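The numbers here are math on the coordinates, done by the rules we state, and not lab data. If you're wondering where the values come from, they're calculated on a predicted model, not measured in any experiment. Cβ sites come from the backbone with ideal geometry, for glycine too, and all protein chains shown count toward neighbours.
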Amino acid sequence: MADPILETHGISKAFGALHASKDISIDLVPGEIHALIGPNGAGKSTLIQQIAGALKPDAGRVILDGEDVTALNTVARAQRGLGRTFQISALAMEDTVLENAMLGAIGASGKPFHFFRRALDQAEARAVAEQALEQVGLTENMATRTFELSHGQRRQLEVAVALTLSPKAFIMDEPMAGLGFEGSKNLTGFLDTLRHTAPILLVEHDMDAVFALADRISVLVYGEVIATGSVEEVRNDPAVRTAYLGEEA
Amino acid sequence: MTRERMVNAAMLLILIAFPLWAWAADEPFMITLATKAVILALAGVGLNIALGLGGMISLGHAAFFGIGGYAMGVLASHAQNFDPILEGPFLIEGTNSMPIIWLTAIIASGLAALAIGAISIRTTGAYFIMITLAFGQMLFFFAISWPAYGGEDGLSIWVRNEFPGLNTLDPIQFYAIAFTILCAVLILTARLAKSPFGLALNAARQTEIRVETVGISPYKLRLIAFTISGMITGLAGALFADLNRFVSPTMLSWQTSGEIMIFVILGGVARLFGPVVGAVLFILLEHLLGGISDYWHIYLGALLLVIVLFARGGIIGVLAGREAKHG
Amino acid sequence: MTFILFAEQVLNGLQLGVMLFLMAAGLTLVFGVMGLINLAHGSLFMVGAFAAAAVAGATGSFLLALAAALAAAAAAGAIVEVVVIRRLYNRDHLDQVLATFALILIFSEGTRFIFGSFPLFLDTPDWLSGPVTLPGGIQYPIYRLALIVVGLVVALGLYLLITRTRLGIQIRAGENDREMIAALGVDISKLYTIVFALGAALAGLAGALVGAIQSVEVGMGEPILILAFVVIVIGGIGSIRGALVGAILVGLTDTLGGLLLPSFFRTFMEASAASAVGSGLASMSIYILMAVVLMLRPTGLFGAKA
């Protein structure tokens with residue numbers, strides 16, 4: 001197997017008496033979709049936040065492309081190639097779709113501190129933004145204000161903004177949330193090809209999508225990874241069946 | 001042309017036609033009134049960068065306005081007394097050259113904004129409001145208790161400072177200077193809003209976490225915006241002091257901060273011309289209502305209440321609708 | 001510097017501190033329960049002072065004057081809450097700042113309209129005039145000592161109100177969980193009016209008490225309002241305990257800074273320059289204190305973590 005792009009080594013995090021992450025070690029290798037599943041309150045969000053840099057782990061390390069980024073904040077991790085989408089769309093609602101994509105492209109260019117040139121005239125960044133919008137199928141909506149988009153289109157825009165960063169790894173927090181059948185199907189198809197651009201760590205409740213997409217699945221329960229493996233392996237894992245279905249092992 | 005642009009163009013036309021009329025009719029007081037409006041508009045344009053574009057509710061912009069004013073007062077008073085500011089290790093003399101005074105005002109208020117911003121921007125919401133207010137008050141008390149430059153009484157300058165090739169004592173020529181500066185700053189502000197920086201700053205106001213996630217530090221964006229904002233308001237302060245040939249701690253008071261904010265809100269927050277329309281309206285009200293009643297602030301307060309409670313978007317919002325921004 | 005001078009200044013600091021607490025408690029309560037930043041709180045301070053001065057002038061009774069201050073400020077608070085403030089709870093901070101700034105303009109000019117531009121005077125009553133000798137030979141005005149006592153008693157009363165009474169339970173619930181108190185069948189809009197009027201009454205009381213040691217004039221409320229903001233920022237928004245600690249800290253820093261800094265600079269500078277630099281710095285000392293606290297704890301000493 002190729003060297004992992006993203007690794008966590010023994011991440012632990014406690015909020016008072018609640019152990020949200022217990023000694024979690026997972027990794028993400030090139031070309032794969034690694035799904036992170038688990039019941040509500042299992043600690044998926046806490047883990048994602050620690051990987052993205054919004055929360056500091058009590059112990060353990062986060063490695064991105066061979067570099068220890070544990071001490072770095074969200075901004076620095078993004079600059080080093082971590083592309084993230086949010087469960088609840090975090091978009092500039094007053095701005096147009098193109099402007100949102102441009103924001104990503106400008107961030108990726110590393111040159112946000114230009115004061116007098118028109119942002120939309122920055123040819124390189126503009127090309128990156130437009131290409132990302134085309135990839136998710138939002139070219140028609142470039143001039144639309146984001147608050148006018150449908151829920152599904154906002155999910156697409158979330159992904160497009162992450163794409164503009166040309167990240168080394170994607171972290172996607174429930175991208176299917178709130179999408180209808182058609183929307184989920186389209187996005188599933190899109191993510192299926194996206195894994196070859198960069199591997200995806202996918203937190204998702206939609207099991208159909210997870211089973212269709214995941215190369216590997218890690219199951220998180222009470223802050224612990226109780227199983228990691230292929231779809232088949234995880235499905236047949238007695239501990240997982242106990243956790244999910246309440247069956248006796 | 002959007003309706004907002006038409007409102008802006010009309011405003012510009014008024015700012016050109018009215019002083020020319022006053023000049024032709026030999027009404028120097030009216031020109032001075034217009035000059036005051038233009039300078040206060042400039043202060044508001046400065047605040048609008050922090051407030052409208054950056055979403056930072058600064059109640060301390062009088063600090064920068066006053067620092068600009070004192071930059072003028074200190075330099076000009078040393079020049080008029082032929083008393084160097086510093087003799088050793090190297091000589092710094094006063095000056096009555098406007099360009100040097102402006103530059104000094106911009107640098108001094110920029111440094112103050114950088115320092116105040118560096119602390120305040122670590123916080124958000126109500127904290128930010130109270131802290132900027134408090135720092136403004138700090139400079140106010142400092143100016144009162146520092147006896148060297150007039151303390152509570154302020155500093156008077158006998159003759160208006162000079163600008164090469166112009167007679168600044170002629171009201172219409174001084175107006176031309178102030179108006180040209182306002183136009184230049186409006187152009188810069190419009191470009192700033194459309195620039196990559198403006199795009200990111202505006203996004204950080206709406207969704208901080210998104211901006212972080214694309215690798216841009218919202219803190220840095222805001223600190224730079226706050227500093228630019230302070231610089232412009234400081235420049236306005238220098239001009240304002242020159243208009244009155246007087247600077248006092250009043251320029252640093254919390255009421256001044258509140259009034260600068262009123263210009264922005266009356267006109268329309270985050271609108272390019274919002275502070276201009278607001279300042280003109282403010283001066284108009286002061287002139288008209290102030291003539292009728294000594295207690296015109298009651299009416300101003302009532303008007304402000306009505307606008308805040310019922311007409312969000314200010315005058316431009318009412319005239320041009322809500323759709324356009326940063327036109 | 002003598003011990004007596006120092007002790008006097010400590011007492012002055014305490015006196016300023018407890019008065020600031022009366023202001024800050026109302027502000028922080030209103031912020032904690034309703035999420036409102038109220039610039040017009042200084043106007044309620046002023047209303048209290050003017051009401052006290054007017055009633056004392058008419059009746060000669062200081063106690064009646066205090067009662068009038070409490071009543072007038074509470075009434076003004078309740079009216080303002082019903083007419084304006086309650087429309088602001090769901091607005092952003094900018095709207096709150098602007099609307100309450102507008103209220104300042106209306107209150108200040110309205111007061112000037114009624115009472116004129118000249119300051120009024122409120123005399124300390126005979127039974128609280130003159131100095132008292134404290135242990136250690138310190139001569140201190142009885143009135144100022146009474147202010148400290150009143151302030152501490154009010155602080156204790158507020159503590160008991162919030163921890164021991166039904167209203168206190170509702171207030172604490174309101175700070176934590178708005179839906180919860182609605183679900184418990186509490187009339188929220190009435191609760192908000194009561195909390196606002198309570199804060200206003202405290203401000204009015206402070207105005208009346210302070211009015212007797214300074215002149216009663218338009219604009220007297222805002223300087224102390226801004227100091228109260230500094231107190232809240234230091235103590236942590238929403239925390240009554242933080243308001244008390246912050247108020248005492250600010251009071252002591254202000255008076256002791258004015259005393260100690262000039263003499264500190266006099267140890268290595270010539271006298272007039274030292275007093276200039278010293279008093280300049282002393283005027284900034286509480287703001288420097290605020291900046292230091294913020295750098296260490298951006299949400300104040302007792303504030304909730306952001």
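With N set to the number of residues, divide the alpha-carbon radius of gyration of the protein assembly as shown by 2.2 N^0.38 Å and report two decimals.
1.06
Most exposed first by the Cβ proxy, i.e. fewest other Cβ within 10 Å, how do C:Val55, C:Val231 rank?
Ordered from fewest to most neighbouring Cβ atoms within 10 Å, C:Val55, C:Val231 come out as C:Val55, C:Val231.
For the charge dipole of the stretch B:79-175, defined by +1 on Lys and Arg C-beta atoms and -1 on Asp and Glu C-beta atoms about the Cα centroid, which residue among B:Thr104, B:Leu166, B:Phe82 has the Cα displaced farthest towards the positive pole?
Of the options given, the answer is B:Thr104.
Hey, with R₀ at 22 Å, roughly what FRET efficiency would A:Asp192 and A:Glu134 work out to, going by the Cβ-Cβ distance, to 0.05?
Rounded to the nearest 0.05, the efficiency is 0.80.
Is there a simple number for the mean count of other chain Cβ atoms within 10 Å of the Cβ of residues in B:115-121, and what is it? Walk me through the numbers before you get to the answer.
On the way: counts 1, 1, 0, 2, 6, 2, 0.
Mean partner-chain Cβ count within 10 Å for B:115-121: 2.
I need to check one value: relative contact order of the stretch A:95-165, counting alpha carbon pairs closer than 8 Å and at least 6 residues apart, in percent.
Here the relative contact order equals 50 percent.
Only Cα pairs under 8 Å and at least 6 apart count here; give the relative contact order of chain B as a rounded whole percent.
34
State, in angstrom, two size descriptors of the stretch A:95-165 derived from its alpha carbons: Rg to one decimal place and Dmax to the nearest whole number.
Cα radius of gyration and Dmax of the stretch A:95-165 are 11.3, 35 Å respectively.
Which distance in nm do the two modelled labels at B:Thr2 and B:Ala176 give, with both placed 7 Å along the Cα-to-Cβ direction?
Here the modelled spin labels are 3.4 nm apart.
Normalised by the empirical 2.2 N^0.38 Å for globular proteins, what value does the Cα Rg of the stretch C:3-217 take?
Normalised Cα radius of gyration, the stretch C:3-217: 1.09.
Taking GluC sites (Glu not before Pro) as candidate sites, keep only those in a DSSP loop with at most 12 other Cβ atoms within 10 Å, then name the longest stretch of chain B containing none of them. Can you show the working numbers first?
Values: sites that count: B:Glu87, B:Glu323.
Between the exposed loop sites, the longest stretch runs B:88-322.
Can you quote the Å³ per residue value for the convex hull of the Cα atoms in the stretch B:157-245, rounded to an integer? Can you show the working numbers first?
Working: hull volume 9.5 nm³, N = 89.
So the per-residue hull volume is 106 Å³.
Evaluate the distance, in nm, between pseudo-label points positioned 7 Å from the Cα of A:Glu224 and of B:Ala148 along their respective Cα→Cβ axes.
6.9
Looking only at the stretch B:10-24, which residues have a backbone nitrogen under 17 Å from a spot 7 Å from the Cα of B:His287 in the C-beta direction?
Taking a point 7 Å out along Cα→Cβ of B:His287, the residues of the stretch B:10-24 whose backbone N falls under 17 Å are B:11-24.
Can you give the calculated 222 nm mean residue ellipticity of chain C, where each DSSP H run of n ≥ 4 adds -39,500 (n - 2.57) and the sum is split over every residue, rounded to the nearest 500 deg cm²/dmol?
-26000 deg cm²/dmol
What dipole magnitude, in Debye to the nearest 20, does the stretch C:3-217 give about its Cα centre under +1 on Lys/Arg Cβ and -1 on Asp/Glu Cβ?
Around 320 debye, computed over the stretch C:3-217.
Could you work out the local net charge near B:Tyr219, counting Lys and Arg as +1, Asp and Glu as -1, over the other residues with Cβ closer than 11 Å to its Cβ?
+1
Can you show me the helix-derived [θ] at 222 nm for chain A, built from DSSP H runs with n ≥ 4 at -39,500 (n - 2.57) apiece and divided by the number of residues, rounded to the nearest 500. Don't jump to the answer; show the numbers that get you there.
Working: 9 runs with 90 residues, N = 249.
After summing the helix terms and dividing by the residues of chain A, the value is -10500 deg cm²/dmol.
Mind checking the angle between helix C:188-211 and chain C's longest principal axis? C-alpha axes, 0 to 90 degrees, to the nearest 10.
20
Please list 3J(HN,Hα) in residue order for the stretch C:244-251, calculated via the Karplus relation 6.51 cos²θ - 1.76 cosθ + 1.60 where θ = phi - 60°; whole Hz, with x for glycine and proline.
5, 4, x, 5, 5, 4, 5, x
Roughly speaking, what is the stretch gain from C:Leu63 to C:Tyr159, that is 0.36 nm per residue apart minus the C-alpha to C-alpha distance, in nm to one decimal?
The span from C:Leu63 to C:Tyr159 would gain 32.2 nm if fully extended.
With both partners inside the protein assembly as shown, how many of the DSSP beta bridges are antiparallel, as a percent to the nearest 5? List each step's numbers first, then the result.
Values: 28 of 45 bridges.
Bridges in the protein assembly as shown that DSSP calls antiparallel: roughly 60 percent.
Using the number of other C-beta atoms within 10 angstrom as an exposure proxy, rank C:Ser272, B:Ser257 with the fewest first.
On the way: C:Ser272 10, B:Ser257 27.
Going from sparsest to densest Cβ surroundings: C:Ser272, B:Ser257.
Across the residues of B:52-60, average count of Cβ atoms on other protein chains within 10 Å? Please report the intermediate quantities before stating the final value.
Details: counts 0, 0, 0, 2, 0, 7, 0, 6, 0.
Across the residues of B:52-60, the mean count of other-chain Cβ atoms within 10 Å is 2.
Nearest 0.05, what FRET efficiency do C:Ala273 and A:Leu18 give at R0 = 60 Å with Cβ-Cβ as r?
0.55
What spacing in nm lies between the two simple spin-label points modelled at B:Leu114 and A:Asp68, each 7 Å away from Cα in the Cβ direction?
3.4
Hey, could you grab the Kirkwood Rh for chain B? Inverse mean 1/r over distinct alpha carbon pairs, Å, one decimal.
20.1
For chain B, the longest stretch holding no chymotrypsin sites (Phe, Trp or Tyr not before Pro) located in a DSSP loop with at most 15 other Cβ atoms within 10 Å is which? Working shown, then result.
Working: sites that count: B:Phe82, B:Phe90, B:Trp158.
Excluding the exposed sites themselves, the longest stretch runs over B:159-327.
Under the rule of -39500 (n - 2.57) per DSSP H run of 4 or more residues, summed and divided by the residues of chain B, what mean residue ellipticity at 222 nm is obtained, to the nearest 500 deg cm²/dmol?
Rounded to the nearest 500, it is -23500 deg cm²/dmol.
Exposed loop GluC sites (Glu not before Pro) only (DSSP loop, at most 11 other Cβ atoms within 10 Å): please give the longest stretch of chain A free of them, not including the sites. Don't skip to the end; give the middle numbers.
On the way: sites that count: A:Glu247, A:Glu248.
Maximal segment without exposed cleavage sites: A:1-246.
Within a 10 angstrom radius of the beta carbon, how do C:Thr2, B:Thr227 rank from fewest other beta carbons to most?
The most exposed by this proxy come first: C:Thr2, B:Thr227.
Residue by residue, what Karplus-based ³J(HN,Hα) values in Hz, rounded to whole numbers, does the stretch A:140-152 have, using 6.51, -1.76 and 1.60 with θ = phi - 60° and x for Gly and Pro?
4, 9, 3, 8, 6, 6, 4, 5, 8, 6, 6, 4, x
Would you please give the residues with an amide H less than 5 Å from that of A:His114, counting only those at least 5 places away or on a separate chain, with H modeled from the backbone geometry?
B:Phe197
Given the protein assembly as shown, what count of lysine pairs have C-alpha atoms under 17 Å apart, with each pair 8 or more places apart or on different chains?
The result is 10.
May I ask you to list the residues of the stretch C:252-269 whose amide nitrogen lies under 18 Å from a point 7 Å from Cα along the Cα→beta-carbon direction of C:Ala7?
C:256
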